[in-house]
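Chemist: I have a structure here, written as structure tokens, and I will follow up with some questions on it.
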Amino acid sequence: MRIAQRAQRVEPFYVMELAKAASAMAAAAQPGDRPMLYLNIGEPDFTAPPQVQQAAERAIRDGRSQYTPATGLPALREAISGWYATRFGLDIDPARIVVTAGASAALQLACLALIEAGDEVLMPDPSYPCNRQFVQAAEGTAVLLPAGPAERFQLSAAQVQAAWGPATRGVLLASPSNPTGTSIARDELERIARLVRERGGVTLVDEIYLGLSFDDAYGHSALGLPDGLGDEVISINSFSKYFNMTGWRLGWLVLPPALVPAVERLAQNLFICASTIAQHAALACFEPDTLAEYERRRAEFKARRDYFIPELNRLGITVPVMPDGAFYAWADVSGLCARWGIPPQSSPDAGGSWALAFELMQRCQLATTPGRDFGVADPGRYLRFSTANAMTHLREAVARLEQAL
């Protein structure tokens, strides 16, 4: 059978390959062995609150499972608009909001609506691997620009200006970012958006971790940029991270008004609509009691960050930039590799953080994610830890690392 070239160009999602290896190792454990600790997958350990689960049950019981408009339930679009008003002080017209089958569908729709064959989209290296695959699926090219600790692992306007070429269509940013948990400074984001506007390009911003911002200096939506820049931004968001609804597959886009009809047509043909039950359930996310629970959980994520990252630094596993959101630690493990005799990465699956990830599974029964997924500039230097885990597990992980060291 002939496989389309676009499918063959998509690389494996290596975090899942590591997860399979960790699960196989855990399954082979003997009675009395230490259990595997999973600090590898970027999924909240919290599930949807009871109010959300009950809303789903009511929708099923009442038979409210028919197709919704392709843009989503009007009541849900209104509720999302209200959240922007109360949380960020933004007046977002519900007509600009399109509810999607997860943030993945949101980004796919945006890319298909905006990217032509041969277009280039500038992105930071490191960045979430699936984002560049969506660009590629739309027959564009993701151009990764190295962004190190000095830039908070984010693009600068100077980098964008220097890299912009005849084929450049725009930029795809993430704030806060996976894998680093860092956000773009508001003034730098404004400079990038202005530069993109001057060149007639598009600014896409992945904001799926925005609800899990811990620092008021960074916890602002790109939709609030001044001088109409925010009205031109395409924002991708999700119910998966802050709202703890990963498997419900529900997200949304905020679009410039002129782009809504094109995205609606694509959504009608590709998805019909997002899950109706999930949409009815998501309405309960915005009830006062539910939002209070989400804020309690956000505080717990922050407490985990505030414990775990200083402990990594104490052990010499350096996190060069304190994450201001999400639930990740992007750690420089070059020192640990040297200490354990692991050579620098010489190929995608040899040495560096890739080899270290397997070593941590063997020595510490600790599953992590090597940098291979997230870029090509220096993947062997960094390892991602997910702190979306109970504090007891994080403390045990630190104890095991300390013992191994």
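The values are calculated or read from the model by the stated rules, or taken from the named source; none is laboratory data. A quick note: this is a predicted structure, and the numbers were derived from the prediction, not measured. Methodologically, a virtual Cβ is constructed for each residue, glycine included, from the backbone with ideal geometry; neighbour enumeration extends over all protein chains shown. Side chains are part of the model used for accessible areas, which takes the heavy atoms of the whole protein and leaves out ligands, DNA and RNA. Shrake-Rupley method; radii C 1.70, N 1.55, O 1.52, S 1.80 Å.
Chemist: For region 1-134, what is the accessible area per residue in Å² when the probe is 1.4 Å?
Modeler: On the way: 6780 Å² over 134 residues.
Dividing the accessible area of region 1-134 by its residue count gives 51 Å².
Chemist: What's the carbon and sulfur percent of region 276-405's accessible surface, probe 1.4 angstrom, rounded to a whole number?
Modeler: 52
Chemist: Let me ask another. Ranking request for peptides 311-317, 231-237: highest mean number of other beta-carbon atoms within 10 Å first, then the rest in descending order. Kindly include the intermediate steps, with their values, before the conclusion.
Modeler: Working: 311-317: 16.3, 231-237: 23.1.
Final packing ranking: 231-237, 311-317.
Chemist: Also, quick follow-up: Accessible area of residue 302, 1.4 Å probe, to the nearest 10 Å²?
Modeler: 70
Chemist: So if we plug the beta-carbon distance of residue 1 and residue 349 into 1/(1 + (r/R0)^6) with R0 = 22 Å, what FRET efficiency do we get, rounded to 0.05?
Modeler: For residue 1 and residue 349, the calculated efficiency is 0.25.
Chemist: Okay, next question. Taking the Cα centre as origin and putting +1 on Lys and Arg beta-carbons and -1 on Asp and Glu beta-carbons, what dipole magnitude results for region 94-223, to the nearest 20 debye?
Modeler: Dipole size: approximately 180 debye.
Chemist: Ok, one more. Measure off, as a whole percent, the carbon and sulfur share of the 1.4 Å-probe accessible area of region 95-246, all protein chains present.
Modeler: Carbon and sulfur together cover 48 percent of it.
Chemist: Please report the orientation-averaged projected area of region 76-194, defined via the convex hull of its C-alpha atoms, in nm².
Modeler: 8.0
Chemist: Please report how far the C-alpha centroid of region 92-125 lies from that of region 252-280, rounded to the nearest whole angstrom.
Modeler: Result: 11 Å between the Cα centres.
Chemist: Report the paramagnetic label zone for residue 75: residues of region 273-301 whose backbone N is under 20 Å from a point 7 Å from Cα along the Cα-to-Cβ axis.
Modeler: Counting backbone N atoms under 20 Å from the label point, the list is 273-292.
Chemist: Related question: Quick test of the membrane-span-like rule: which DSSP H helices of the chain reach at least 27 Å along their long axis (C-alpha atoms) with mean Kyte hydropathy at least -1.0?
Modeler: In the chain, no H run is both long and hydrophobic enough.
Chemist: Specify which labelled value, from [x] 26; [y] 22; [z] 18, agrees with percent of Cα pairs over 37 Å apart derived from the coordinates of the model shown.
Modeler: The calculated read-out lines up with [y].
Chemist: Here is a further query. Given a 1.4 Å probe and heavy atoms of the protein chains only, how would you sort 153, 358, largest accessible area at the top?
Modeler: 358, 153
Chemist: Still on this structure, please answer the following. For the chain, set up a GNM with springs between Cα atoms under 10 Å and report which of 339, 372, 381 has the largest fluctuation.
Modeler: Of the options given, 339 has the highest mean-square fluctuation.
Chemist: Moving on. What accessible area per residue, rounded to a whole number of Å², is obtained for region 174-238 using a probe radius of 1.4 Å?
Modeler: Values: 1940 Å² over 65 residues.
Result: 30 Å² of accessible area for each residue.
Chemist: Just subtract the alpha-carbon distance of residue 86 and residue 117 from 0.36 nm times their residue separation and send over the number in nm, one decimal.
Modeler: Result for the pair: 7.2 nm of gain on full extension.
Chemist: A further question follows. Let's see if you can work this out: charge +1 on each Lys and Arg Cβ, -1 on each Asp and Glu Cβ, no other charges. What is the dipole magnitude of region 336-405 about its Cα centre, in debye to the nearest 20?
Modeler: Dipole size: approximately 120 debye.
Chemist: Share of region 1-70's accessible area from carbon and sulfur, percent, 1.4 Å? Write down the numbers at each step before the final one.
Modeler: Values: 2580 of 4730 Å².
Result for region 1-70: 55 percent of the exposed heavy-atom area is carbon or sulfur.
Chemist: Suppose every K and R has +1 on its Cβ and every D and E has -1 on its Cβ; what is the size of the dipole of the chain about the Cα centre, in Debye to the nearest 20?
Modeler: 740
Chemist: How big is D for region 1-126, in µm² s⁻¹ as a whole number, if Stokes-Einstein is applied with the Kirkwood radius of its Cα pairs at 37 °C and 0.692 mPa s?
Modeler: 165
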